[in-house]
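Below is one structure; the comments refer to it alone.
The values are calculated or read from the model by the stated rules, or taken from the named source; none is laboratory data. All values derive from a computational prediction rather than experimental measurement. Don't worry about glycine lacking a Cβ; one is built from the backbone with ideal geometry, like all the others, and counts go over all protein chains shown.
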Ligand SMILES: [Zn+2]
Ligand SMILES: [Zn+2]
């Protein structure tokens, strides 16, 4: 059995545990508004593991959600499933025993800092990984016909008759290269 949790974890107890200790969680969180460029259609769900390492906590997991993104050909928004794979090292910003501040490593991302209250927040790393997980050239369907270059009609819905030769699949695939 897993506790169902959100993307913020209090890791004080895990930081006091020996290296190799772990916690496993079933995550389910509303990520509406996580990024201005994404419209979220469903919760973020999946399994997460927090592992105590010598430097901090390694978070691994595979998470799923559904977002709405615009098709690059017809510009219509469509639902796209996204899988976010996480493998992120988080480091404490204060010593768990003494409370003394720990300066960040040069290579350390601000998003990968555990805060002074021992809260580990996955929101920013999830946002970054979600953006990377989305297709660079999303298509609502593999054979999306796109928009008429003359009148702008959505050719999936109507045929406007402006350029009958554009419906030639060989020209269409040439067109996609441009
Ligand atoms: Zn489309
Ligand atoms: Zn047209």
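Collect the residues in segment 30-60 that are assigned to a strand (DSSP E or B) and either touching a helix residue (DSSP H, G or I) at 6+ places or on another chain (Cβ under 7 Å) or buried (at least 20 other Cβ atoms within 10 Å of the Cβ) (or both), keeping them in residue-number order. Lay out the reasoning, then the answer.
Here is the first cut: in segment 30-60, the ones assigned to a strand (DSSP E or B) are 39-40, 44-52, 57-60.
Residues satisfying the conditions are 44, 48, 50, 52, 57, 59.
Mind checking whether some residue in segment 110-119 is on the phi > 0 side of the Ramachandran plot, assigned to a loop (DSSP other than H, G, I, E, B), touching a helix residue (DSSP H, G or I) at 6+ places or on another chain (Cβ under 8 Å) and surrounded by 15 or more Cβ atoms within 10 Å (Cβ to Cβ)? Explain how you work it out, then say what you get.
Applying the first criterion (on the phi > 0 side of the Ramachandran plot) to segment 110-119 yields 118.
Then keep just the ones that are assigned to a loop (DSSP other than H, G, I, E, B); that gives 118.
Pick out the ones that are also touching a helix residue (DSSP H, G or I) at 6+ places or on another chain (Cβ under 8 Å) and you get 118.
Pick out the ones that are also surrounded by 15 or more Cβ atoms within 10 Å (Cβ to Cβ) and you get 118.
The answer is yes, given that some residue of segment 110-119 is on the phi > 0 side of the Ramachandran plot, assigned to a loop (DSSP other than H, G, I, E, B), touching a helix residue (DSSP H, G or I) at 6+ places or on another chain (Cβ under 8 Å) and surrounded by 15 or more Cβ atoms within 10 Å (Cβ to Cβ).
Residue 25 passes every criterion in (1) in contact (Cβ under 8 Å) with a residue 60 or more places away in the chain; (2) over 15 Å from the mean Cα position of the chain (by Cα) apart from (1). With respect to (1) in the same structural domain as residue 24 (by TED's automatic domain parsing); (2) within 16 Å of ligand 1 (Cβ to nearest atom), the lone exception for residue 101 is condition (2). Screening residue 78 against (1) part of a strand (DSSP E or B); (2) under 19 Å from residue 131 (Cβ atoms); (3) touching a strand residue (DSSP E or B) at 6+ places or on another chain (Cβ under 6 Å) leaves a single unmet condition, (3).
Please tell me if residue 69 is more than 16 Å from ligand 2 (Cβ to nearest atom) and closer than 28 Å to residue 25 by Cα. So that I can check it myself, show each step before the final result.
Details: more than 16 Å from ligand 2 (Cβ to nearest atom): yes; closer than 28 Å to residue 25 by Cα: no.
Judged against the criteria, residue 69 is not a match.
From the residues in segment 130-172 that are at positive phi and within 16 Å of ligand 1 (Cβ to nearest atom), which one is modelled with the lowest pLDDT? Spell out the reasoning first.
Taking segment 130-172 as the starting set, the residues that turn out to be at positive phi are 146, 152, 161.
Still in the running and within 16 Å of ligand 1 (Cβ to nearest atom): 146, 152.
Values: 146: 95, 152: 92.
Of everything passing the filter in segment 130-172, 152 is modelled with the lowest pLDDT.
Of the residues making up segment 62-71, those that are assigned to a strand (DSSP E or B) and buried (at least 20 other Cβ atoms within 10 Å of the Cβ) are 63, 65, 67.
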